[in-house]
Amino acid sequence: MKSITIGITGASGSIYAQRLLVFLNKSADVSRVDLVISQAGIRVVGEELGLKVAGTDSRVVRELIGQDSDKVFLHQASDIGATIASGSYLSDAMIIIPCSMGSLGAISSGITRDLIHRAADVMIKENRLLILVPRETPFNVIHLENMLKLARLGVRIIPAMPSFYHHPKTIDDLIDHFIHRLLDHLGVSHEQETRWEGSKKKEGITK
Ligand SMILES: Cc1cc2nc3c(=O)[nH]c(=O)nc-3n(C[C@H](O)[C@H](O)[C@H](O)COP(=O)(O)O)c2cc1C
């Protein structure tokens, strides 16, 4: 059973975070999810998903995943005394999804002005799994250098680049395919129907 930390920052793509939370909340492999949303993240979630996620109570979690949860715990981004700010708290993995260029820069420089940056800094110092899902286009040299620096430290940089080999029909198909890839990195089991199994036509298999 895994304990996973999720940071939502103010980059576009909050629907990915929402979908990941829904999966983790349902997963039998996950016992706890610590959730932090940055100030800018609150704004972007409002813009993109039309949700009101400001506040400190369980309504925030309900708004995001569509139901109450005894697994997902919300922390305030300003609460630098929260459990996940300490290396003595055992979180198996942290994902920042989506990750803004601002948070990417702060983490790559060791600047910990909010709980998301501090929790990420802890994951790096404790040599634990940290995944960033950066979102910006185009990337400038500062963004690329920050990603390279973190990748060299073992941070997994996994941008949400859609793939099409599984013939997605809907936006949901695209999002789910990416979330399944993330779950693979987290070691959380799932029933993905869109794994690449080689070119069936080429191998003479007709279906
Ligand atoms: C609607 C909206 C979309 C944004 N999209 C992005 C984005 O895709 N990537 C990015 O780096 N910043 C984006 N920003 C800007 C960030 O929110 C801003 O840089 C913020 O300071 C990031 O702070 P945080 O990392 O603490 O969340 C967006 C802002 C808004 C309002």
Every listed condition ((1) crowded, with 16+ Cβ neighbours inside 10 Å; (2) under 15 Å from the mean Cα position of the chain (by Cα); (3) not aromatic (Phe, Trp, Tyr)) holds for residue 185 save (1)
### Task
Consider residue 144 carefully, then state whether it is within 20 Å of the chain's Cα centre (by Cα), surrounded by fewer than 17 Cβ atoms within 10 Å (Cβ to Cβ) and of a type outside the set (Asp, Glu).
yes
Reported set for the stretch 134-156 where residues are out of contact with any Leu (no Cβ under 6 Å at 6 or more places or on another chain), in contact (Cβ under 8 Å) with a residue 24 or more places away in the chain and under 18 Å from residue 121 (Cβ atoms) is 147, 149, 150, 153, 154, 156
Restricting the stretch 7-62 to residues that are touching a helix residue (DSSP H, G or I) at 6+ places or on another chain (Cβ under 9 Å) and among the polar types (S, T, N, Q), the one farthest from the ligand (Cβ to nearest atom) turns out to be 27
Across the stretch 144-199, the tally of residues that are small (Gly, Ala, Ser) and either in contact with a strand residue (DSSP E or B) (Cβ under 6 Å, 6 or more places away or on another chain) or over 27 Å from residue 92 (Cβ atoms) (or both) stands at 4
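Counting just the residues of the stretch 105-162 that are of a type outside the set (A, V, I, L, M) and in a strand (DSSP E or B), which one comes out nearest to residue 188 (Cα to Cα)? If you could, list the steps in order and put the result at the bottom.
Residues of the stretch 105-162 that are of a type outside the set (A, V, I, L, M), as a first pass: 105, 108-110, 112-114, 117-118, 121, 125-128, 134-140, 143, 145-146, 149, 152, 154, 156, 159, 162.
Applying the additional criterion that residues be in a strand (DSSP E or B) yields 134, 156.
Values: 134: 21, 156: 16 Å.
Among residues in the stretch 105-162 that are of a type outside the set (A, V, I, L, M) and in a strand (DSSP E or B), the one nearest to residue 188 (Cα to Cα) is 156.
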Apart from one, (1) surrounded by 23 or more Cβ atoms within 10 Å (Cβ to Cβ); (2) outside any helix (DSSP H, G or I); (3) more than 16 Å from the ligand (Cβ to nearest atom) all hold for residue 94; the odd one out is (3)
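Out of 87, 102, I need the residue that is within 11 Å of the ligand (Cβ to nearest atom) and either touching a residue at least 40 places away in the same chain (Cβ under 8 Å) or under 25 Å from residue 2 (Cβ atoms) (or both). Which one? Explain how you work it out, then say what you get.
On the way: 87 fails: within 11 Å of the ligand (Cβ to nearest atom).
Matching residue, one of 87, 102: 102.
Only the coordinates and a few stated rules stand behind these numbers; no lab work does. None of these values were measured; they are calculated from a predicted model. Cβ coordinates were reconstructed from backbone atoms using ideal geometry, including for glycine residues, and neighbour counts include every protein chain displayed.
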